[in-house]
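Notes for the one structure printed next.
The values are calculated or read from the model by the stated rules, or taken from the named source; none is laboratory data. All values derive from a computational prediction rather than experimental measurement. Positions of Cβ are generated from backbone atoms using ideal geometry, with glycine treated the same way; all protein chains shown enter the neighbour counts.
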Amino acid sequence: MTPRPPGADLPEHPDRLWTAAEPRASYDVVIVGGGGHGLATAYYLARNHGITNVAVLERGWLAGGNMARNTTIIRSNYLWDESAGIYEHALKLWEGLEAELDYPLLFSQRGVLNLAHSLQDVRDSVRRVEANRLNGVDAEWLDPRQVQEVCPIVDISPDVRYPVLGATFQPRAGIAKHDHVAWGYARAAAALGVEFVENCEVTGLRVSGGRVTGVETTRGVIAAGRVALCAAGHTSVVAATAGIDLPLQSHPLQALVSELLEPVHPTVVMSNAVHVYVSQAHKGELVMGAGIDAANSYRQRGAFHIIERQMAAALELFPIFARAHVLRTWGGVVDVSPDASPIVGLSPVDGLYLNCGWGTGGFKATPGVGWCFAHTVANDAPHPLNAPFSLDRFVTGALVDEHGAAAVAH
Amino acid sequence: MLLIPCPWCGPREEAEFHYGGQAHVAYPDDPAALSDEEWARYLFFRDNPKGVFAERWSHSAGCRRWFNALRDTATNEIHAVYRVGEPRPVTS
């Protein structure tokens, strides 16, 4: 009797959600970067604008960069009108996204607390709550007792180094499963005709007479009518090949998870002052993020002392975590802008569009930026919601200073 | 964590240092004469290479002196450190 080969009894491989394509010679639109923003942009180009001759070029595998490394927090409680516009647009899209993509995203609106630990924190937080309300963003100011009602495991005792004096609360904020978000967008975009080319690193932009004509890649030259950059931490490197300098600095940003634990943490807690943000994933891991490593680096790896400080902060807020174990830590490369706001819009080269500078906070914006960036590419003009986030704001001085609401990292 | 060779104190852990960003960015000779574009470039634009980067560090928990380093941002390898005022070393 012939022995059955290993695996012969396993079920067949499930149907693929999309097919990895071989690069063709030319496309109407090439999107550089197959993370969340690139995939969402591709989807809305096809869905909202009927542009389907589109390739998403990804140097690794789809959604394997920062999309696989973020802490999945979704919120729209930013201070300024410009930010409220685009982040709230994103949150509204999140609220219908599972139905839109017909795919489970594990989108959970469990709310976010942004803790205040000093009198100035309190003033700034109350101001931000009022600003949010004026912009139609749900926001409440909670005193320490109310904070504990929302999240019973937060230590609100007054005799700790950084006592909790209160918090802003956005009930509609939450988390989603990042992989599912990428897969949902990829599947939906593929069904509309978008192609995905993986293991295809863009090594140069081709520009002729001030207009982009294509991209050079590790898999050959690809002509393109328009090129949309969604390359996050590597945007400076790609843009430099077209002679474009950007006001970006690339830094490692670290995060970590604990082992699987019983559900203990019902919401999302962020604290600027003690430098940590924590939620609990559906599966049970505590998911924690820290601030960026100070020094510029393209290594997807950060320094241990950042993690150490982050853990100290987490234990200060959540004494119950004292016996939890760190299971895994990792880093991604984020592109930080001078005003902690993104750059989304036109570039100095015709047909080349910028989506960068999201720093530590790009995941939450995924649907909103996909929507607006697709509009920008399709119309060669920014959508009203991303018009304030132009590159030339650094010359005009019309900055969108979100260092407060961008939270821990900047 | 980086092991950074302070030119005054020798190799110390990164946690003893404070980062100062790009080195050799001179304050404009006549700031009032700059155009908006030139001022924006001075204020907001810094090099962001994937490769060798000349940057400033302060040994804030040691000798408290500033110095410059050439570090490869793709590998984190430090090629050289040199004192403020010295020219950028030539590396291969």
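Some values worked out for this structure:
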item	result
Any hit, segment A:20-40, residues being β-branched (V, I, T), modelled with pLDDT under 95 and not in a helix (DSSP H, G or I)	no
Failed criterion for A:P158 (all others in (1) of a type outside the set (F, W, Y); (2) surrounded by fewer than 16 Cβ atoms within 10 Å (Cβ to Cβ); (3) over 25 Å from the mean Cα position of the chain (by Cα); (4) part of a helix (DSSP H, G or I) hold)	(4)
Residue tally, condition buried (at least 17 other Cβ atoms within 10 Å of the Cβ), farther than 13 Å from B:C6 by Cα and among the β-branched types (V, I, T), over segment B:53-92	1
Residue within segment B:29-47 that is assigned to a loop (DSSP other than H, G, I, E, B), within 14 Å of another protein chain (Cβ to nearest Cβ), over 14 Å from the mean Cα position of the chain (by Cα) and not aliphatic (A, V, I, L, M) present	yes
Candidate set: segment B:1-16, residues that are in a loop (DSSP other than H, G, I, E, B) and more than 9 Å from every other protein chain (Cβ to nearest Cβ); chosen: the one nearest to A:D335 (Cα to Cα)	B:P7
Any strands (runs of 3 or more DSSP E) falling wholly within segment A:268-328 and containing at least 2 residues that are surrounded by fewer than 23 Cβ atoms within 10 Å (Cβ to Cβ)	A:285-292
Residues of segment A:124-142 that turn out to be among the small types (G, A, S) and more than 18 Å from A:N272 (Cα to Cα), as a count	2
Yes/no for A:A90 being within 23 Å of the chain's Cα centre (by Cα), farther than 19 Å from A:M270 by Cα and touching a residue at least 12 places away in the same chain (Cβ under 8 Å)	yes
Matching entry among A:N48, A:N66 (being of a type in the set (S, T, N, Q) and in contact with a Gly (Cβ under 8 Å, 6 or more places away or on another chain))	A:N66
Residues (within 14 Å of chain B (Cβ to nearest Cβ), under 20 Å from the mean Cα position of the chain (by Cα) and assigned to a loop (DSSP other than H, G, I, E, B)) located in segment A:210-249	A:A231, A:L246, A:P247, A:L248
Extreme residue, nearest to the other protein chains (Cβ to nearest Cβ), among residues of segment B:48-92 that are in contact with a Pro (Cβ under 9 Å, 6 or more places away or on another chain) and aromatic (F, W, Y)	B:F67
Tally of residues being in contact with a Gly (Cβ under 7 Å, 6 or more places away or on another chain) and of a type in the set (S, T, Y) across segment A:251-275	1
Given (1) crowded, with 18+ Cβ neighbours inside 10 Å; (2) within 11 Å of chain A (Cβ to nearest Cβ); (3) out of contact with any Pro (no Cβ under 9 Å at 6 or more places or on another chain), index of the condition B:A23 fails	(2)
Any hit, segment A:396-403, residues being closer than 19 Å to A:T235 by Cα and touching a residue at least 60 places away in the same chain (Cβ under 8 Å)	no
Considering residues of segment A:337-385 that are of a type in the set (S, T, N, Q) and in a loop (DSSP other than H, G, I, E, B) only, the residue nearest to A:I51 (Cα to Cα)	A:S347
Qualifying residues in segment A:133-155 (those that are in a loop (DSSP other than H, G, I, E, B) and touching a Gly at 6+ places or on another chain (Cβ under 8 Å)) - the one nearest to A:G85 (Cα to Cα)	A:N135
Checklist (1) of a type outside the set (K, R); (2) within 10 Å of chain B (Cβ to nearest Cβ); (3) farther than 29 Å from A:L105 by Cβ; (4) not in a loop (DSSP other than H, G, I, E, B) applied to A:P252, failing item	(3)
Pick from segment A:85-110, criterion in a loop (DSSP other than H, G, I, E, B) and on the phi < 0 side of the Ramachandran plot, ranking: surrounded by the fewest Cβ atoms within 10 Å (Cβ to Cβ)	A:P104
Members of segment A:73-84 that are buried (at least 24 other Cβ atoms within 10 Å of the Cβ) and either of a type outside the set (G, A, S) or on the phi > 0 side of the Ramachandran plot (or both)	A:I74, A:R75, A:N77, A:Y78
Residue within segment A:45-57 that is more than 28 Å from A:L399 (Cβ to Cβ), among the hydroxyl-bearing types (S, T, Y) and not in a loop (DSSP other than H, G, I, E, B) present	no
Residue, nearest to A:E82 (Cα to Cα), within segment A:370-409, restricted to residues that are within 14 Å of chain B (Cβ to nearest Cβ) and touching a strand residue (DSSP E or B) at 6+ places or on another chain (Cβ under 7 Å)	A:S390
Yes/no for A:R211 being among the basic types (K, R), touching a strand residue (DSSP E or B) at 6+ places or on another chain (Cβ under 6 Å) and under 18 Å from A:A231 (Cα atoms)	no
Test: residue in segment A:168-190 that is assigned to a loop (DSSP other than H, G, I, E, B) and of a type in the set (V, I, T)	no
